[in-house]
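To start, the structure itself, in structure tokens.
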Amino acid sequence: MSAQPVMLLRSICLFLAGIALSACATPPQNPVARQGAQAGIAVYLVAHDKHSGIAVRRADIPAGLWPESRDFPRAEYLEVGWGDRDYYYGRNQGLWDALRAAFGSNNPSVLHVAGVRGPLPESFPASEIIEVRVSRDGFDRLVRYIHDEYDRAGGSVAAPLGPGLYGDSRFYPARQTFNLSRTCNVWTARGLRDAGLPIEDSITMEGVMSQARTIGTVIQKARE
């Protein structure tokens with residue numbers, strides 16, 4: 001193959017891998033929280049560059065679900081994200097690792113969970129944060145969605161793989177596999193849809209956040 005087609009193919013691969021993997025790149029340091037008194041239960045979307053996370057109030061989590069939340073006894077909120085295990089947890093973020101994660105069809109995944117104390121904007125000062133409201137049943141379905149993502153290997157509670165990326169956080173083994181059509185942002189969108197929100201799948205963070213802006217309240221804009 002001549003050099004020109006090779007370079008074109010490489011450029012296409014890099015572009016597609018960039019979309020998928022930048023969608024789950026390491027978020028900036030520090031997590032967050034806020035009070036809400038409107039109808040329904042508050043759920044927060046946090047934009048970390050090109051990665052989206054979901055934050056919920058720990059006290060709202062129904063009994064019997066999400067037993068790993070007990071790993072964060074002092075947290076007011078839990079912020080959770082999902083992604084490719086080697087890329088997200090292993091920090092293997094070179095070119096070939098990005099291509100492997102983006103184009104692999106059976107890549108193991110992880111959940112990243114952070115315990116948050118204090119207002120969300122204080123902990124995520126550079127991130128866009130959107131509050132959406134869901135019904136009690138919708139919130140329970142969202143928590144069930146998160147609960148069911150853990151790979152507990154037949155046990156009742158998943159053991160952490162190791163410390164997380166910021167603050168009081170940990171990585172946990174997850175069940176689903178990561179690929180180009182199932183990015184961290186697709187995972188976020190499906191959880192919100194389980195909660196009853198009109199959110200369509202999007203492999204990009206902006207695709208998820210732009211939909212959330214139409215149905216929620218932006219409580220903090222992203223810092224330029």
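Since every read-out is calculated from the coordinates, none of them should be taken as a lab result. All values reported here derive from a predicted model rather than from experimental measurement. Don't worry about glycine lacking a Cβ; one is built from the backbone with ideal geometry, like all the others, and counts go over all protein chains shown.
List of remarks:
- Calculated FRET efficiency for the pair ARG136/ILE219, C-beta based, R₀ 30 Å, to 0.05: 0.90
- Residues with amide H under 5 Å from that of GLY118, placed H, sequence gap 5 or more: GLU76
- Overall, the anisotropy analysis places region 108-170 in the oblate class: the square-rooted eigenvalues a ≥ b ≥ c of its C-alpha gyration tensor yield a/c not less than 1.5, with a/b not exceeding b/c.
- Pairwise FRET efficiency - ASP201 versus SER156, Cβ, R0 = 35 Å, nearest 0.05: 0.65
- Cut-off 12 Å (backbone N to label point 7 Å along Cα→Cβ of ASP148), residues of region 177-209: 191, 194-195
- Our coupling estimate for region 41-46, obtained by passing each phi through the Karplus curve with A = 6.51, B = -1.76, C = 1.60 and θ = phi - 60°, is 9, 7, 10, 10, 9, 10 Hz, Gly and Pro reported as x.
- Prolate/oblate/rounded label for region 168-215 (Cα gyration tensor, a/c 1.5): prolate
- Spin-label proximity, ARG190 to region 43-59 - amide N less than 17 Å from point 7 Å beyond Cα toward beta carbon: 52-54
- ASP151 long-range amide H proximity, modeled H, under 5 Å: ALA174, ARG175
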